Every structure is written in C-alpha cells, then in structure tokens.
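One structure is given below, encoded as structure tokens.
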Amino acid sequence: MTSALLTLNAGSSSLKIGLFPLVGEAPLARGLVDRMGPDAILKLTDAQDVALPTSGVITNHFDAIKTVVAALRQRWPDLDVLAIGHRIVHGGAERSEPVILTDDVLAELTDLAPFAPLHQPHNLAGVRAAMAAFPGVPQIGCFDTAFHRHHPWVNDTFGLPRFLYEQGVRRYGFHGLSYEYISGEIQRTAPHLAAGRVIIAHLGNGASMCAVRDGRSIASTMGFSALDGLPMGTRCGQLDPGVVLYLMDQKGMTAAAISDLLYKQSGLLGLSGLSNDMRTLEAAGTPEATEAIDYFVFRCQREVGGLAAALGGIDALVFSGGIGENSPFIRSRICESMAWMGIEMDPGRNAGNERLISRDNAATRVLVIPTNEEVVIARAAQAILRSNQEVRA
Ligand code: ADP
C-alpha cells in the first residue's frame with residue numbers, strides 16, 4: 001500500500017497539487033492545472049521530474065482532482081490518500097494553527113469570504129471538491145493569515161473607530177505559509193539569526209514583507225486585504241483611501257470596477273502598460289517599464305525601513321518568491337542604498353543566486369531562501385495524522 005497525502009492550493013482558474021509521503025518532505029509528485037475550463041492545461045510530474053500521462057476533461061476543481069488522482073493511481077495502483085491539506089487564504093482573527101475542516105469550520109470560513117472575495121471562495125471550492133472526491137478522508141485547512149496572529153495590537157489595527165476592529169476590519173497579513181517555511185529554514189540553518197530581527201521579502205506576482213522576531217511575525221506590509229503594501233504584478237499596493245473615494249464620487253466607478261482596477265490592472269502592469277511579469281519588464285527597457293521597476297524598488301526600500309523600525313533594527317534580510325529568488329538585478333537595486341542599515345551586497349554571490357549574498361563583514365546578513373508553501377501544508381497534514389493515530393492507539 002502506498003499511503004500518502006495530498007496538498008491542494010485552489011485558485012480561481014488554477015489548482016496546484018502535491019503528493020507527499022506520510023513521513024518526509026520530498027514530494028512524490030507535483031501537479032498544476034492552469035486555465036481551468038475547456039482549454040485547461042495539466043502538468044503532472046513525479047519526483048524525478050518525469051511527466052506522468054494524464055487524460056480527462058477538466059472544467060472545474062472536482063474534475064481536476066479526479067484527473068490528477070487517476071493519473072497518480074496509474075503510477076501507484078495501491079495509492080491510499082490518508083489526508084488532504086489545503087491552502088486557505090483567510091482564517092479570520094483567531095485561527096493561528098491548521099485545523100481539520102469540519103462542517104462547522106467550513107461554515108465559519110465561508111462567512112469570511114467577504115474579507116477575501118477573490119481568493120476564499122475558490123479555496124473553499126477546492127475543499128468541497130476534495131471532500132466529494134475523497135469522502136471520509138480528513139481535510140486540513142492551513143491559513144495564510146495564521147502566522148500573523150500574534151501581531152501586537154498597534155500592528156493589527158487601523159486608525160478607524162473601534163467598532164470596525166471588533167467587526168473584523170483589521171490588518172490580517174497574508175503569505176503566512178511562505179513566512180512560516182522561511183522562518184523554519186532560518187531556525188534550521190542559522191539559529192542565531194532566528195532569535196534576531198529578520199525581514200522576509202516574499203517578492204512574487206503577489207508581494208509582501210514580514211518583520212519576524214524570535215520566529216514570530218510582528219508586522220507585515222499586507223493588511224486587511226492582499227492589496228496593501230508593496231506594488232505587485234497587477235495589484236496596486238499601498239494606496240491613499242482618498243483615491244478610492246475620488247474614483248467613486250468623481251469618476252462614478254462602481255465597487256466592482258474599482259476592485260478590477262486595484263487587483264487586476266494596477267501594480268507593475270498598470271505602471272508599465274506592458275506586463276505584470278518582472279522578467280519582461282527587466283528585458284523591455286522602455287521608459288515606462290523602467291519607471292515601474294523604479295517604483296517597485298522604491299516601495300520595497302521604504303517597507304524595509306518601516307519594518308526595521310518596527311523591529312528596532314535588523315539582523316537579516318531574506319529574499320524569496322519568484323522575483324526575490326531569481327532576480328539579482330532587483331535584489332541589488334533594493335539593497336544598493338541601504339549600507340546605512342548595514343546591508344551590503346556581495347555582487348558575485350548575488351549574481352550566483354547564492355544563499356548568503358551579503359559581504360562577510362556586513363552588519364546585516366542578506367539571504368536568498370526559496371520558499372515552499374506545499375511543505376508547510378504537508379507538515380500540518382502529517383502532524384494531524386500522527387495525532388489522530390496517537391488518539392486511536
Ligand atoms: P506567484 O506569486 O504567482 O507565486 P511567483 O513567486 O512565481 O509568483 O513569481 C512570479 C514573478 O517572478 C514574475 O514577476 C516573474 O517575472 C518573476 N521572476 C521569475 N524568474 C525571474 C527572473 N529570473 N528574473 C526576474 N524575475 C523573475
């Protein structure tokens with residue numbers, strides 16, 4: 001019997017799937033369904049990166065799971081899926097740990113959908129599809145907000161009347177699974193830094209930064225929604241709320257049109273008029289692409305400064321995410337005027353995407369740590385399976 005667990009990350013038109021053993025962190029297989037619908041693309045590979053043959057029509061999450069699992073069963077005919085871990089963007093104000101998704105918990109998470117309307121409903125659609133495909137198998141929710149639940153109150157609130165805070169208008173923070181993974185890596189490989197003041201920059205299509213002290217998030221650039229903070233591929237980042245009022249009052253824009261503008265047409269895409277993709281912008285060299293990069297870099301520098309103030313200093317800056325892990329150019333642009341914070345890049349190490357990219361004698365360590373959100377989900381599912389077995393024993 002090949003006992004294993006699945007990790008699922010369900011988006012509006014995509015589904016990432018991982019197959020993990022019950023012990024250990026190396027995936028047995030990975031799958032990505034993109035452009036869910038009549039033209040869906042499915043890529044499924046085993047641990048050696050060899051493509052696994054797949055067949056089937058994929059129009060929704062349920063089809064996607066069935067198709068992937070059918071392909072996995074061709075490879076492992078005795079496959080027994082014992083648990084399924086899900087990435088869920090919003091766990092609300094209280095949830096700081098993964099949880100088994102009972103009907104009650106699902107109802108609670110459904111009520112949070114208005115807080116994350118572009119993500120939560122799709123995440124939960126993935127959960128329901130997995131429940132239908134695997135009745136009786138424990139489903140475990142892992143939340144992007146959970147890592148931030150110990151923020152001091154000043155980093156958890158806005159300057160709004162208190163009743164709105166009580167009603168859930170708070171700075172939740174996101175990308176928590178990524179920050180949890182990276183904090184764990186720092187703990188594992190550099191325990192002296194883990195006890196210190198660390199800023200993690202998760203720079204991908206979605207981008208945020210997190211201030212971590214003693215392995216705990218104390219502040220992050222994303223707030224109530226995944227719009228705040230850094231400019232992103234298509235999201236605006238920090239914005240004066242007066243702009244939203246102006247667009248409504250003076251330009252007659254509806255909430256839906258403003259949502260589309262802020263989530264899908266802004267950030268690198270909106271500023272460059274060309275692309276949301278940093279590689280494309282780096283190669284383009286147009287004045288608009290250059291200015292879009294300048295803005296991204298400038299906002300990153302400002303946030304590093306702000307988070308360092310929140311931490312009372314900085315011992316390490318960690319780059320992660322597609323841009324942070326792969327772009328020596330952006331990393332060096334962000335770090336170029338930060339010698340005053342002890343941040344001094346070693347150009348050779350940076351060009352080689354090495355793990356440590358600061359100079360040996362620099363006061364602040366600068367690291368590149370690839371993130372791995374799936375492993376965090378797999379660990380949670382493994383832990384819950386273990387505790388279930390202990391209860392039964
Ligand atoms: P997501 O938030 O969707 O998970 P990723 O973490 O995959 O996004 O990051 C995607 C971003 O990383 C894109 O802007 C892409 O251009 C950028 N990226 C990936 N590789 C490179 C590279 N070598 N140089 C610059 N940017 C890169």
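Let's see how each residue does on (1) within 22 Å of residue 374 (Cα to Cα); (2) not charged (D, E, K, R):
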{"position": "151", "(1), (2)": "no, yes"}
{"position": "154", "(1), (2)": "no, yes"}
{"position": "160", "(1), (2)": "no, yes"}
{"position": "166", "(1), (2)": "no, no"}
{"position": "184", "(1), (2)": "yes, yes"}
{"position": "197", "(1), (2)": "no, no"}
{"position": "204", "(1), (2)": "yes, yes"}
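Which of the residues belonging to the range 125-150 are closer than 27 Å to residue 201 by Cβ and either buried (at least 24 other Cβ atoms within 10 Å of the Cβ) or modelled with pLDDT of 95 or more (or both)?
If the condition is that a residue be closer than 27 Å to residue 201 by Cβ and either buried (at least 24 other Cβ atoms within 10 Å of the Cβ) or modelled with pLDDT of 95 or more (or both), then 141, 142, 143, 144, 145, 146, 147, 148, 149 are the ones that fit.
Matching residues to (1) under 23 Å from the mean Cα position of the chain (by Cα); (2) small (Gly, Ala, Ser); (3) in a strand (DSSP E or B); (4) closer than 15 Å to residue 75 by Cβ:
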{"site": "9", "(1), (2), (3), (4)": "yes, no, yes, no"}
{"site": "38", "(1), (2), (3), (4)": "no, no, no, no"}
{"site": "42", "(1), (2), (3), (4)": "yes, no, yes, yes"}
{"site": "49", "(1), (2), (3), (4)": "no, no, no, yes"}
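Residue-by-condition table, conditions (1) closer than 25 Å to residue 173 by Cα; (2) at pLDDT below 95; (3) within 16 Å of the ligand (Cβ to nearest atom):
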| site | (1), (2), (3) |
| --- | --- |
| 289 | no, no, yes |
| 295 | yes, no, yes |
| 319 | yes, no, yes |
| 337 | no, yes, no |
| 369 | yes, no, yes |
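For residues that are more than 15 Å from residue 295 (Cβ to Cβ) and either surrounded by 14 or more Cβ atoms within 10 Å (Cβ to Cβ) or touching a residue at least 40 places away in the same chain (Cβ under 8 Å) (or both), tally how many sit in the range 234-256.
4
Results for (1) surrounded by fewer than 18 Cβ atoms within 10 Å (Cβ to Cβ); (2) within 14 Å of the ligand (Cβ to nearest atom), shown as yes or no for each residue.
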{"position": "262", "(1), (2)": "no, no"}
{"position": "269", "(1), (2)": "no, yes"}
{"position": "276", "(1), (2)": "no, yes"}
{"position": "305", "(1), (2)": "yes, no"}
{"position": "314", "(1), (2)": "no, no"}
{"position": "323", "(1), (2)": "no, yes"}
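Does residue 196 qualify as being away from the ligand (no atom under 16 Å from the Cβ), farther than 20 Å from residue 149 by Cβ, of a type in the set (Gly, Ala, Ser) and open to solvent by less than 30 Å² (accessible area, probe 1.4 Å)?
The answer is yes for residue 196.
Show the residue pairs that are 6+ apart or on different chains and have beta-carbon atoms under 6 Å apart, the first residue being within the range 364-375 and acidic (Asp, Glu), the second being open to solvent by less than 30 Å² (accessible area, probe 1.4 Å).
Note: pairs meeting the criteria are 373/177; 373/178; 374/7; 374/18.
Every residue in the range 19-36 that is in a strand (DSSP E or B) and surrounded by 21 or more Cβ atoms within 10 Å (Cβ to Cβ), please.
Across the range 19-36, the qualifying residues are 19, 20, 29, 31, 33.
Do you know which residues across the range 278-287 are in a helix (DSSP H, G or I) and either within 14 Å of the ligand (Cβ to nearest atom) or of a type in the set (Val, Ile, Thr) (or both)?
278, 279, 280, 281, 282, 283, 284
So which of 325, 291 is part of a helix (DSSP H, G or I) and over 24 Å from the mean Cα position of the chain (by Cα)?
Just one listed residue meets the conditions, 291.
For the range 328-364, how many residues meet the condition of being part of a helix (DSSP H, G or I) and over 20 Å from residue 192 (Cα atoms)?
The total comes to 15.
The values are calculated or read from the model by the stated rules, or taken from the named source; none is laboratory data. For clarity, every value in this text was computed on a predicted model and none was experimentally measured. As a convention, Cβ positions derive from the backbone with ideal geometry for all residues, glycine included, and neighbour counts pool all protein chains shown. Side chains included, ligands, DNA and RNA excluded: accessible areas come from the protein's heavy atoms. Shrake-Rupley method; radii C 1.70, N 1.55, O 1.52, S 1.80 Å.
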